[in-house]
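Rule-based calculations on the coordinates, nothing more; no lab input. Just so you know, these numbers come straight off a predicted model, no measurement behind them. A quick note on method: Cβ atoms are made from the backbone with ideal geometry, for glycine too, and the neighbour counts reach across all protein chains shown.
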Amino acid sequence: MEDMHQMKAPSNLITGEVRTKIRSMILASELRPGQRLIEDDLIQRLGVGRTPVREALLILQGEGFIARNRGWEVQGVDHLQVHAIFESRVAIEAETARLAARKITPDVCDALAALIDQMEPGGHLPRLALNRLNTEFHDLIVKAADNVVLAQFHERTQFYYWALRIPVMFSDEQLTATNAQHRELLAALRAHDEERAEHIARAHVETTMRIVEPALPR
C-alpha cells in the first residue's frame, strides 16, 4: 500500500499544479469565457503529459470554471447575474479584509506595497499585466485572512467577475483612484484596523461597480 501511495503522489501533485496554472490563466483573462481549450495546446504550453491535463480539466469542470460543449471551453456568465456577482464580491472582499487586518504580517504588507507601486498609471502596462497584478494583490489579502472556506468563495466570485467580458477600459484617472484605495486598504491592514479595512474593501468593490455599470447591456 505504501508503494502505491508513493507512486500516485507525484501524479496528483502534477495534476494540482496544472489545475492551478489553468485556473490562474482564466482568472487573469489569458483564457477568456467561451474560449476553446485544446488538450494538445495545453500539453505543449504547460510542458506536461496528457493525463494530468485531462484530470485538471475534470477538476475545473467540477469547480465551475470550464464546461464541456463539444469539447472543453471556459465557462461563461450571464450578464443578468452582474448585480448578484458584485453584491457577493462586496460581502466577501469586506470580510476578507477584516480578517486579514487581524492576521497580516509586515512581510505581506511590504509585498502588497510593491504590487501597488507596479499598478500605478503611467507605466503603460498592458491591461492583461494590470489584471494579473491586481489579482495577485487581492490573492495576498485572501491568504493573509487565512480562511479556507472564505478563500473558495472569493475565488469563485473573482472568476464570475472576469467571466462577464464587460467591454470597459479604465481611464488613467479611474486607475489612479482605484489604486489610491489600494493604498488606503494597505494602511488599514498595516495598522491592524479591522473596521477600517472592511470599510475600504467594501468601497473599493462599489467603486469598480460604478465604473463598470455604464458598460452593462441594457
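Couple of notes before you dig in:
- For the Cα trace of the range 2-74, dividing Rg by the Kirkwood Rh returns an Rg/Rh value of 1.01.
- The length gained on full extension between Asn131 and Gln152, counted as 0.36 nm times the residue separation minus their Cα-Cα distance, comes to 5.6 nm.
- With all pairs of separate Cα atoms included, the range 36-117 yields a Kirkwood hydrodynamic radius of 16.3 Å.
- Rounded to the nearest whole angstrom, the semi-axes of the ellipsoid equivalent to the range 79-215, taken from the Cα gyration tensor as √(5λ), stand at 22, 19, 13, largest first.
- Label separation (Gln35 vs Arg210): 3.2 nm, computed from points 7 Å beyond Cα along the C-beta direction.
- Amide N of the range 183-213 lying under 14 Å from the label point, which is placed 7 angstrom from the Cα of Ser171 along Cα→Cβ: 211-212
- Point-to-point label distance, Gln181-Asn12, nm (Cα→Cβ direction, 7 Å offset): 4.0
- Expressed as a fraction of 2.2 N^0.38 Å, the value expected for a compact globular protein of N residues, the C-alpha radius of gyration of the range 169-208 is 1.19.
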